[in-house]
Amino acid sequence: MVRPYKVIDLFAGPGGLAEGFSSVMTGGKRLFDVVLSVEMEQAAHQTLTLRAFTRQFPAKSLPDEYYSFVAGEMPLEELYEYYPKEWASARKEALRLQLGTPEAAKLLQPKIDRIKTQAKGRTILIGGPPCQAYSLVGRARNAGNADYKAEDDGRHFLYREYIEILDRLRPAAFVMENVKGILSSAVAGGGVFERIIQDLKQVGIEDGGYKLMALAPSQESSWTSPEDIPHSDFIVRTEHHQVPQSRHRVIVVGLRADIASEIFGSEMTALLERREPTSVREVLGGMPELRSGLSKGDDQESWRRVVQDATAQLLSVSLDAGTAPERKRMTRILKSVAQYHGSNNMVPSRSGTEYDVDQLSKGLPEKLSEFLIDGKLTVLAHHTARGHMKSDLARYLFCSAFSEVHSRSPKAADFPAELAPNHKSWCTGKFADRFRVQGWEKPSTTITSHISKDGHYYIHPDPKQCRSLTVREAARLQTFPDNYLFLGTRTQQYVQVGNAVPPFIAKQIAEALKKILP
């Protein structure tokens, strides 16, 4: 009988990495048992605790009361009252702590020592430091602050908390994840990632240390030793692994020397299998159609009038300007608009709740369908359109119709003058992608926490729906199972989804480790 590996998840967010690891089975039981998760942000920690609660039950055997809670038929407190033992275990596992503080160290150190003793070397450490200091957007924002000094930003050094726990635990393997921008981030003239790599290599060096592995190195790479891995080969492009999203992340895997000694020395191969890309249509095409909401005065009839006004505004766009090919393309776009928003072609509902397994699994690749679909659900949670300003609906309608005709999202220069927003920088090129459609036939762009602020970068590709993505649609593009519930406000739910590691890529990483670990 195989003993499970005990998993510790740091900087866990809502639990994307842990979800993927805990889904890997052997002999009908979980091979990776998540015993400790740490997250600082309150709403993400609430979500993390709820998912820890679900893991107290056998895989694929969530209790009926959980589905009643998902359907809105039972409050969360009552669900916990049904299962006090499981709730207590979940609270013990999912801790709300700020890593790097004395309080966190005081609480965590004895827990880690106890897990290490009980597991007898069969442990895994997963997670990644907060990425705001490393992301390109975060660095651009910091650059605009005259008083900002990278060396004084503690977020640059939170990885050391991960290193310290790695050194204390000495797990069989670790997985460290972060944004691609970390490769070019520098502090005090030195590269942050190079410093991280060197620190990782020093952990346990007296016992052989850890050998680092790239999960999906470039096909052009020719390195044969972990010492020769170019930094760019640590980038994992999730669209190459059936995740319906172009999300590029740096993921470093380390194997303890006693395990790595049996692997290294032979020719290096990619640990992640390359798969055909999954498109937005395959993941979102079967979801219930929704109308957009209105930020003010929302009801079905008001929405109908606003969209009809938006349609009329688009159909009145002058076709006199531009070249003949440009006028022809605009004519095709306007025909698309007219087709979708005739008087009898309106989407009736702002919320789609019915869980139709056949419809929701339609078009999904088999393995992804098995991961996302839960036939016991009766309600599709988090699938409610948010409200939009009336002035934006005509732009959303134009963008989705443009994408349908051109198979790409429009740039600012593609917009008719009548639809240009009143932004001083609109024509400078700085906001060329201010409005972005997630096209049907390819993976989406990266789902980030910015989706919580507005929907302009995440416009639904269906012109008839005229809206941005819902929380559930964003979660599906991130490959969270449909029974995964996010707590907090809707804004907080968007942030959690955008900050998470896609569980389906985490599952593939765990499956790769399963083939290696004893």
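The values are calculated or read from the model by the stated rules, or taken from the named source; none is laboratory data. Treat the numbers as computed from the prediction; the structure is a model and nothing was measured. Cβ placement follows ideal geometry from the backbone for every residue including glycine, while neighbour counts extend to all protein chains displayed. Note: areas computed on protein heavy atoms with side chains; ligands, DNA, RNA excluded. Shrake-Rupley method; radii C 1.70, N 1.55, O 1.52, S 1.80 Å.
Here the simple spin-label model places points 7 Å from the Cα toward Cβ, and for residue 362 and residue 85 these points are separated by 4.4 nm. Principal-axis analysis of the Cα atoms of the chain puts helix 84-93 at an angle of about 80° to the longest axis. Of all aspartates and glutamates in the structure, those lying under 16 Å Cα to Cα from residue 424, and not within fewer than 8 positions of it along the same chain, are 433. In the set [x] 37, 25, 23; [y] 46, 28, 23; [z] 42, 28, 21, the label that goes with semi-axes √(5λ) of the Cα gyration tensor in Å computed for this structure is [z]. Taking label positions 7 Å along the Cα-Cβ direction at both residue 490 and residue 57, the computed distance is 2.8 nm, reported to one decimal.
Helix 102-119 axis versus longest C-alpha principal axis of the chain: approximately 60°, rounded to the nearest ten.
Largest first, the residues 411, 296 sort by 1.4 Å accessible area into 296, 411. Along the axis of the charge dipole computed for the chain (Cβ charges of +1 for Lys and Arg, -1 for Asp and Glu, origin at the Cα centre), the listed residues 83, 244, 109 are led at the positive end by 244. Each residue of region 278-285 is assigned a 3J(HN,Hα), and the resulting list reads 9, 8, 4, 4, 5, 9, 9, x Hz, derived from the Karplus form 6.51 cos²θ - 1.76 cosθ + 1.60 (θ = phi - 60°), x at Gly and Pro. Structure note, pairs 390/453; 92/201; 111/367: Cα-Cα distances above 28 angstrom occur for 92/201; 111/367.
Using DSSP to define loop residues, name the GluC sites (Glu not before Pro) in region 371-480 whose beta-carbon has at most 16 other beta-carbon atoms within 10 Å. Don't jump to the answer; show the numbers that get you there.
Numbers: sites: 404, 418, 441, 473; in loops: 441.
The qualifying sites are 441.
Bridges between two residues of the chain, per DSSP, are antiparallel at a rate of about 50%.
With the cut-off at 19 Å, tell me which of the pairs 211/507; 85/120; 335/464; 29/507; 442/515; 328/464 have Cα atoms farther apart than that.
On the way: 211/507 21 Å; 85/120 26 Å; 335/464 13 Å; 29/507 15 Å; 442/515 31 Å; 328/464 22 Å.
Distance filter (> 19 Å) returns 211/507; 85/120; 442/515; 328/464.
Take each peptide in 463-472, 490-499, 448-457, count the other Cβ atoms within 10 Å of every residue, and average; sorted highest first, the result is 463-472, 490-499, 448-457.
The relative contact order of the chain comes to 17 percent, based on Cα pairs under 8 Å that sit 6 or more residues apart. Show that you can apply the helix-only estimate: for the chain, add -39,500 (n - 2.57) for every DSSP H stretch of four or more residues, divide by all residues, and state [θ] at 222 nm to the nearest 500. It lands at -11000 deg cm²/dmol.
Here the peptides 356-368, 33-45, 160-172 are ranked by packing, the mean other Cβ count within 10 Å, and the order with the highest first is 33-45, 160-172, 356-368. Against the main long axis of the alpha-carbon atoms of the chain, helix 300-315 sits at an angle near 70°.
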